[in-house]
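Taking it in order: structure first as structure tokens, then the write-up.
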Amino acid sequence: MIGDNLPSKSDVIRLYQSNGILAMRLYKPDGDTFNALKGTDIDVMVGVPNEELALYANDASAAASWVQNNILTYDGVSFKYIAVGNEVSGENANNILPAMSKIWDAICSAGREDRIMVSTAVRFDVLTNTYPPSNSIFSAPFMGPIVHFLNTTGNPLLANIYPYFAYAGNQGSIPLDYALFTANRSMVSDGKYQYQNLFSAMVDSVYSALEKAGGSNVPVVVSETGWPSDGGVDTTVQNAQTYNQNLINQLSIGTPKVPAFMEGYIFAMFNEDQKTGNKIERHFGLFYPDQSPVYSIKFN
């Protein structure tokens, strides 16, 4: 949404429907989008902004009001996940669990716990020792209690998984075909598991860390992934198309460790001309603002 030339919310919803895109992630609540989503059956992941975590961590009534104003008010919207913070770091990370707990309590009080899941979206760097995947553990101290909460409540862990950034920072040791799902052979051997693509190895690193932290029953949802089409190392339209199409195919079969359908969210729907930072940040889109595709892709 960080652009000054993007389509209307209703036009975006129609674009989702015409392409068979079944789910949407929003990084914060947006009433106009929620109204456009009513009756569409598009599953929605909505974020609690990082800067609001301290408020909800310390005030159950404020957390309940957030749920009332942003979830319960919008009948006809298929809310599926609440992401309490995205890639939170520093002191604010201590607010994740108490905020999650209070948001979850509000969901349970409303009788929606069988329909709406509550979690947080983490960066891959909450892990360490990720090679091979089975050695992986959580390095961030706040993750242990979060995993316990997720395991107890039956909620998943949301993980942002970017083989692109791993590849771009380690070209000497990570082959491009391994990052793009195009390797025709096993590239990493890890006990009984063989890995032909970096995405699966990264996801299984998360699963291995969850097991060691007492979360063997916690599923992983890939809450963000993608490949930019311009602005950086090997950021061509062809590579972006190859990554995202192969990603969709991979999600249908899962990983060597968990060979089952996996849910994933591609970043992002549109190229965003007002995104700050590195040039690649403005070129993750699947579509141009005029709704034409940056490249062809089959979502199902």
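The values are calculated or read from the model by the stated rules, or taken from the named source; none is laboratory data. None of the values given here were measured: they were computed from a predicted structure. Here the Cβ positions follow ideal geometry from the backbone for every residue, glycine too, while neighbour counts run over all protein chains shown. We work out accessible area using only protein heavy atoms, side chains counted, and drop any ligands, DNA or RNA first. Shrake-Rupley method; radii C 1.70, N 1.55, O 1.52, S 1.80 Å.
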To make sure I understand the rule: partners must be aspartates and glutamates, Cα under 15 Å from the Cα of Lys298, and not fewer than 8 residues away in the same chain. Which ones qualify? none
How many angstrom lie between the C-alpha centres of region 3-73 and region 179-245? 27 Å
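Using only the heavy atoms of the protein chains and a 1.4 Å probe, how would Thr120, Thr153, Thr236 rank by accessible area, largest first? Please list the in-between numbers first.
Values: Thr120 0, Thr153 40, Thr236 60 Å².
Largest accessible area first, the list is Thr236, Thr153, Thr120.
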For every helix of n ≥ 4 consecutive DSSP H residues, a contribution of -39,500 (n - 2.57) applies; sum these over the chain, divide by its total residues, and give [θ] at 222 nm rounded to the nearest 500 deg cm²/dmol. -9500 deg cm²/dmol
What aspartates and glutamates could a cross-link reach from Lys102, if we take a straight Cα to Cα line under 15 Å and drop same-chain neighbours fewer than 8 places away? Glu52, Asp59, Glu113
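Using 23 Å as the Cα-Cα cut-off, could you pick out the over-long pairs in Lys38/Lys80; Lys80/Lys275; Lys9/Lys275; Lys28/Lys80?
On the way: Lys38/Lys80 14 Å; Lys80/Lys275 27 Å; Lys9/Lys275 19 Å; Lys28/Lys80 14 Å.
Pairs exceeding the cut-off: Lys80/Lys275.
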Excluding residues fewer than 8 places away in the same chain, name every one of the aspartates and glutamates whose C-alpha is closer than 13 Å to that of Lys212. Asp204
Which of rounded, prolate or oblate describes region 143-300 when judged by the alpha-carbon gyration tensor and an a/c cut-off of 1.5? prolate
Solvent-accessible surface (1.4 angstrom probe) belonging to Leu55, in square angstrom, nearest 10: 90 Å²
Accessible surface of Arg185 in the full protein assembly, 1.4 angstrom probe, to the nearest 10 Å²? 110 Å²
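Given a 1.4 Å probe and every protein chain left where it sits, what share in percent of the accessible area of the chain is carbon and sulfur? Mind showing how you got there, number by number?
Values: 6270 of 12980 Å².
C and S fraction of accessible area: 48 percent.
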Compute, for Leu251, the solvent-accessible surface of its heavy atoms (probe 1.4 Å) with the complete set of protein chains present, and express it in square angstrom to the nearest 10. 20 Å²
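Taking a quarter of the surface of the Cα convex hull of region 49-154, what do you get in nm²?
The number I arrive at for region 49-154 is 7.1 nm².
Using the Cα gyration tensor of region 163-226, with a ≥ b ≥ c the square roots of its eigenvalues, what is the shape: rounded (a/c below 1.5), prolate (a/b larger than b/c) or oblate (neither)?
Since a/c reaches 1.5 and a/b is larger than b/c, the shape of region 163-226 is classed as prolate.
Ignoring ligands, DNA and RNA, what accessible area per residue does the chain give at 1.4 Å, in Å²?
Details: 12980 Å² over 300 residues.
Roughly 43 Å² per residue, with all protein chains present.
With +1 on the Cβ of every Lys and Arg and -1 on the Cβ of every Asp and Glu, and nothing else charged, how large is the dipole of region 12-78 about its Cα centre, in debye rounded to the nearest 20?
Details: 4 positive and 8 negative charges, 43 e Å.
So the magnitude is around 200 debye.
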Gain in length, Ser296 to Asp105, computed as 0.36 nm per residue apart minus the alpha-carbon separation, to one decimal in nm? 64.5 nm
With the label point 7 Å along the Cα-to-beta-carbon line of Gln17 and a cut-off under 17 Å to each amide N, the hits in region 33-48 are 33-44
Computed for the chain: size of charge dipole around the Cα centre, +1 on C-beta of each Lys and Arg, -1 on C-beta of each Asp and Glu, debye to nearest 20, value 580 debye
Springs between alpha-carbon pairs under 10 angstrom, Gaussian network model over the chain: which of Ser216, Ser205, Ser18 fluctuates most? Ser18
